Amino acid sequence: MSLYPSCTSPAFTATAPNLPPHMDARSKRKCSEFFGEDVLPFNMGKGSSRKLWAYLAGVGVTGNKRASWPAAGLPTEDVIEIPRSSTPVQHTVSVTWSPLVKSSTRKLADIMGESCPLDLCVRDIEEGGLEVMLESRLPLIYFLSHLLAEHTAESLFFTHDMKSFAQSSFATTASLLHHSQDVFSTYLDSASLLEINVSQSTRRIVATNIRHRKGIAAFDPAIVQVKKLLEQAWTRFKESRTWTMMKADLGHSRIITNESEYKAKATLYSVLAKQYNPATVVEDPARVVLVRKKTKEVVASLGIELDMTL
């Protein structure tokens, strides 16, 4: 249970003793978003950054770039048996915020340092749509879980690999060609285990572009079609039970806790256990293994480790 009054409680909307009386309701709510649904545990105004670090030090958080973030209590009831670690998860990924990310999140990152496990909140995603979802961390795990459940995750895997492709450098034209051919065989070949649903004309154009050494630009026609597929999946996701679960689990917090990470991973583990378990799924076992491998890669790119074997 929260130690501070909710944004919707009378203590927040009426008096809010720890926020300046002249601050309007919208500003108060924006301040509260820094700590999810809770009001900031100190008075805003002069010396706010100092007060923030004083508060964080009191709960075991150091005020430097190597901050050690306290663990949240884990849920007491497990729906399924999933791997758990007795030590807090270390977030080593360095997040680079895109222009889609709100200034409030970037400001929070500036205040708390690179080691603070920050994320986009549900409200950001509701306002920004799919593009913002793809920039998130824990919410993206829920979206991936939904795609896995409806057997359309290859669209997200392809998008992830295209992003990695764009960030890669190649020493020779031959290595670039080899990588392009690998991507084509993984997603666009008719015999691929992760074949994406694009037209035959698109496949021919991409194949021609690869032969002409166009690099990542060779895949532009496929990227356009896959984005449309993700938009359709996004619409279905917002009407799904997983969307409702995500909103309940994450709320409006922009800080990743052990508890919120545990809940997101539990949702993903549940889908994998039911539909992508090598021990129980006898049809197309090679695809099951590849899906689990790609899932682990996507989640690892978010700075989150999955405790599972392939």
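Could you list the chymotrypsin sites (Phe, Trp or Tyr not before Pro) in the stretch 110-195 that lie in coil according to DSSP, counting only those with at most 15 other Cβ atoms within 10 Å of their Cβ?
Working: sites: TYR142, PHE143, PHE157, PHE158, PHE165, PHE170, PHE184, TYR187; in loops: PHE170.
Within the stretch 110-195, the qualifying chymotrypsin sites (Phe, Trp or Tyr not before Pro) (loop, at most 15 other Cβ atoms within 10 Å) are PHE170.
Using the basic label-point model (7 angstrom from Cα toward the beta carbon), what is the PHE170 to ASN197 distance in nanometres?
With each label point 7 Å from Cα toward Cβ, the separation is 3.0 nm.
Could you tell me which GluC sites (Glu not before Pro) in the stretch 234-266 are loop residues by DSSP with no more than 16 other beta carbons within 10 angstrom of their beta carbon?
On the way: sites: GLU239, GLU259, GLU261; in loops: GLU239.
In loop regions of the stretch 234-266 (DSSP not H, G, I, E or B), the sparsely surrounded GluC sites (Glu not before Pro) are GLU239.
Since every read-out is calculated from the coordinates, none of them should be taken as a lab result. In this text the structure is predicted, and so the values were computed from the model without any measurement. Cβ sites come from the backbone with ideal geometry, for glycine too, and all protein chains shown count toward neighbours.
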